[in-house]
Amino acid sequence: MTTIPSNLRRVLRREPKVATTEPVAARPGPMEAPPVEIAPNDPLIAYFSSATGAVDIGSLQLDSPALAGLREAGVRVVVPLVSQGELIGLLNLGPRRSEQEYSADDRKLLNDLAGHAAPAVRVAQLVREQQAEVRQRERIEQELRVAQLIQQQFLPHELPDLPGWHVAAFYRPALEVGGDFYDFIDLPDGLIGIVVGDVTDKGVPAALVMATTHAALRAEAPRLVAPSEVLTRVNELLVDEMPAHMFVTCLYAVLDPASGELRYANAGHNVPYVGFGAEVAELRATGMPLGLMPGMQYQEKQATLAPGQTMLLHSDGLAEAHAPDREMFGFPRVAALVGEATDGEALIERLLQELSGFTGADWEQEDDITLVTLERRAGPPAAAVPPEEPERLLAEFDVPSQPGNERLAIDGVVKAVAELDLPDPRLERLKTAVGEATMNAMEHGNDNRPELPVGVRVVADASDLRVQITDQGGHRPLPEVELPDLDAKLSGLQTPRGWGLFLIQNMVDDLHTSADDRHHTIELVMHLKEAPNARR
Amino acid sequence: MPGGEFAAAVRHHDGTGIIDLRGEINLAADGPLGIAYEQAASGDPKAIVLNFADVDYINSTGIALIVGLLARARKEGRAVGAYGLSDHYREIFAITRLSDFMGIYPDEHSAVGAPATAGPTREGH
């Protein structure tokens, strides 16, 4: 049952000390009356609130459970304590020890006493409420401090120093401390893992889930490397541990600083943007947030960050910030600013400036804001670390875009790589990959127009052979490729075609794509040294 | 022009239609391969065998043509087998899973004679 406020109940528990105004020595000391609870809708409350003084409850005619309770507890007279029109307590009196009725003088004395006691009781109640509020506030602040401490403990203390790259990061927690996190993980072969994530919920629970996610990523990333595999594994680890109604969005990317190649997978986090000139690319990959469901698979994609390009990884706190009129800052605005960026640090500064202007000075930050930029410096990368062996140009030629001319590209490449003495199976794979990449370039990039050439460039260094095939269709986006499924093709659910990119991917050790406003380039890589993942 | 133009010849042997393929299997093979299949399927053989021994190049369009031929044969209840594939194209047939749906044999004798020539005749997989 809902009861009257506890402060009122406490008053009710007291056997009236006023009874001692007429002490009866033969009687034992003051008796403790059992507490009587009064529901807020009990008519007794209204009655006492409007009463002008001591009330003899024996004569009251009210349909009130509390009244019955008071009578049962032996209460004879009730003196309401009213302060500023509000009933704040009751003085309950049992029978006088003299067994006489309460006299008019008694009642006057009680009324006077109540008149003086009510403000004092009210002050005491306010002080107690304030103390409770202070304790509550201290508890919340303490919790926030703990959440901040946990969160800051797991944020990187320093940013990676990558030759040819500049990495910048910004993190600002909201007042309530959300679950944002970011991390950089050293991986084998000079690769680096980049994490940006966001735990739903706030405060200590979010910070603890963030810590668990951080630990799982740190444990699995160096072992598995491939972003899709890392997220798949971390999801399995988190599913069993995740509190109800919580999950983690997370973008995980693996950067090869030497080549600019970036492989990435995304568990429902914001899409990273890559700016080059005024163009902005979205690095999309599908995947469910971590910790929601077991058995999730994550799409893995790759991109190459060219010199001069900057990538932004970001959390909700930026794009989902609101102006006073409730307009949202929005993802298109973020993307547009990425397109205007000159470098990573300037981009972060600009984003924060625009955000501040958008939200106004009185804005209370709604969520954590995390911004991480990776900028590949223009000019020769890794100038301080010269390559072991300079890259050698083995051949460079053009092929007119006419069906069948992929054989010219194949023959040209075979001739160029003869000195490398590739084993036959690897040479055959390279031939198929070159043929398919040239066909794609002629058909999709150059519309099979003979006057538009496909450029073929063959280079090698001590470790890799690279064949770069360039078309003239850079102004149009690369087409989405459907993974070929032979069952679907045989049952007519997919066209029999669409094997080109699939074959290329399966024929070479590595594959990079890049584009500028005029060209697409696909780079086919065959490792020349024995590598763990090299096809034999 | 490197490579050889596509050509196909058809024979029948032991109730099997054999298509001898030659040259490059690419877009240009589309019409001739269709005609060759029809000839091979005349007389309603239980199986069609593709002889790749004289094929020196198959591109992704050629793979698509073979997928189309396989789909048609399966619809008509005919098994498809193949022989004469180089190691490289065997690998490609494995990667694309074509070899899950057609028997791959070292020579004509085993392709025509082996019960498995009938290979996977199921529509589903």
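The values are calculated or read from the model by the stated rules, or taken from the named source; none is laboratory data. These numbers come from a predicted model, not from an experiment. With ideal geometry, Cβ positions are generated from the backbone for all residues, glycine too; neighbour counts draw on all protein chains shown.
Could you say whether any residue in region A:23-35 is modelled with pLDDT of 90 or more, assigned to a loop (DSSP other than H, G, I, E, B) and under 28 Å from A:V127 (Cβ atoms)?
Looking for residues that are modelled with pLDDT of 90 or more, assigned to a loop (DSSP other than H, G, I, E, B) and under 28 Å from A:V127 (Cβ atoms), one finds none in region A:23-35, hence no.
Hand me the list of strands (runs of 3 or more DSSP E) wholly inside region A:61-174 holding 1 or more residues that are buried (at least 17 other Cβ atoms within 10 Å of the Cβ) and in contact with a His (Cβ under 9 Å, 6 or more places away or on another chain). Please lay out each step first, then the result.
Values: elements: A:77-83, A:86-93, A:165-172.
Filter on region A:61-174 gives an empty set.
Give all pairs with beta carbons closer than 7 Å in which a residue from region A:484-495 that is more than 7 Å from chain B (Cβ to nearest Cβ) and of a type in the set (D, E) meets a residue that is surrounded by 13 or more Cβ atoms within 10 Å (Cβ to Cβ) and assigned to a loop (DSSP other than H, G, I, E, B); count only pairs at least 6 apart in sequence or on separate chains.
Between residues of region A:484-495 that are more than 7 Å from chain B (Cβ to nearest Cβ) and of a type in the set (D, E) and residues that are surrounded by 13 or more Cβ atoms within 10 Å (Cβ to Cβ) and assigned to a loop (DSSP other than H, G, I, E, B), the close pairs are A:D485/A:Q494.
Only one of these conditions is not met by A:L318: (1) under 27 Å from A:R233 (Cβ atoms); (2) crowded, with 24+ Cβ neighbours inside 10 Å; (3) modelled with pLDDT of 90 or more. Which number is it?
Among (1) under 27 Å from A:R233 (Cβ atoms); (2) crowded, with 24+ Cβ neighbours inside 10 Å; (3) modelled with pLDDT of 90 or more, A:L318 violates only (1).
If we scan region B:85-105, do we find a residue that is more than 10 Å from every other protein chain (Cβ to nearest Cβ), assigned to a helix (DSSP H, G or I), modelled with pLDDT of 90 or more and more than 26 Å from A:E436 (Cα to Cα)?
No, the conditions are met nowhere in region B:85-105.
Output the number of residues of region A:39-60 satisfying the condition of being part of a loop (DSSP other than H, G, I, E, B) and either in contact with a Lys or Arg (Cβ under 8 Å, 6 or more places away or on another chain) or not assigned by TED's automatic domain parsing to the domain that holds A:A118 (or both).
2
A:Y264 fails exactly one of the following numbered conditions: (1) surrounded by fewer than 19 Cβ atoms within 10 Å (Cβ to Cβ); (2) under 22 Å from A:G344 (Cβ atoms); (3) without any contact (Cβ under 8 Å) to a residue 60 or more places away in the chain. What is the number of that condition?
Among (1) surrounded by fewer than 19 Cβ atoms within 10 Å (Cβ to Cβ); (2) under 22 Å from A:G344 (Cβ atoms); (3) without any contact (Cβ under 8 Å) to a residue 60 or more places away in the chain, A:Y264 violates only (1).
I'd like the full set of residues that are touching a residue at least 40 places away in the same chain (Cβ under 8 Å) and outside any helix (DSSP H, G or I), limited to region A:203-242.
A:A226, A:E241, A:M242
Among the candidates A:D461, A:D509, which residue alone is under 16 Å from A:L528 (Cβ atoms), within 38 Å of the chain's Cα centre (by Cα) and either more than 10 Å from every other protein chain (Cβ to nearest Cβ) or hydroxyl-bearing (S, T, Y) (or both)?
A:D509
Looking at region A:222-240, can you tell me whether even one residue there is within 28 Å of A:P188 (Cβ to Cβ), of a type in the set (G, A, S) and surrounded by fewer than 22 Cβ atoms within 10 Å (Cβ to Cβ)?
yes
Which count do you get for residues in region A:294-314 that are touching a residue at least 60 places away in the same chain (Cβ under 8 Å) and under 22 Å from the mean Cα position of the chain (by Cα)?
Residues flagged as touching a residue at least 60 places away in the same chain (Cβ under 8 Å) and under 22 Å from the mean Cα position of the chain (by Cα) within region A:294-314 amount to 10.
Inside region A:308-379, counting only helices (runs of 4 or more DSSP H) that do not spill past its ends, which hold 2 or more residues that are touching a Leu at 6+ places or on another chain (Cβ under 6 Å)? Can you show your working first?
Values: elements: A:316-319, A:331-339, A:344-359.
Correct list: A:331-339, A:344-359.
Test of understanding: among A:R466, A:R449, A:R429, which residue is within 13 Å of chain B (Cβ to nearest Cβ), farther than 14 Å from A:H519 by Cβ and among the basic types (K, R)?
Testing whether each residue is within 13 Å of chain B (Cβ to nearest Cβ), farther than 14 Å from A:H519 by Cβ and among the basic types (K, R) leaves just A:R429.
Suppose we filter region B:46-84 for residues that are away from chain A (no Cβ under 12 Å) and surrounded by 19 or more Cβ atoms within 10 Å (Cβ to Cβ); how many remain?
Qualifying residue count for the region: 13.
Can you name the number of the only condition in (1) away from chain A (no Cβ under 14 Å); (2) crowded, with 22+ Cβ neighbours inside 10 Å; (3) more than 28 Å from A:M507 (Cα to Cα) that B:V10 fails?
B:V10 satisfies every listed condition except (2).
Could you run through region A:397-420 and say how many residues are part of a loop (DSSP other than H, G, I, E, B) and of a type in the set (G, A, S)?
2
For A:D362, only one of the following conditions fails: (1) buried (at least 16 other Cβ atoms within 10 Å of the Cβ); (2) of a type in the set (D, E); (3) over 29 Å from A:L162 (Cα atoms). What is its number?
A:D362 satisfies every listed condition except (1).
Okay, residues lined up against (1) modelled with pLDDT of 90 or more; (2) within 18 Å of A:A303 (Cα to Cα); (3) out of contact with any Gly (no Cβ under 6 Å at 6 or more places or on another chain):
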| site | (1), (2), (3) |
| --- | --- |
| A:L217 | yes, no, yes |
| A:E220 | yes, no, yes |
| A:M242 | no, no, no |
| A:Y252 | yes, yes, yes |
| A:R263 | yes, yes, yes |
| A:G268 | yes, no, yes |
| A:Y273 | yes, yes, yes |
| A:E279 | no, yes, yes |
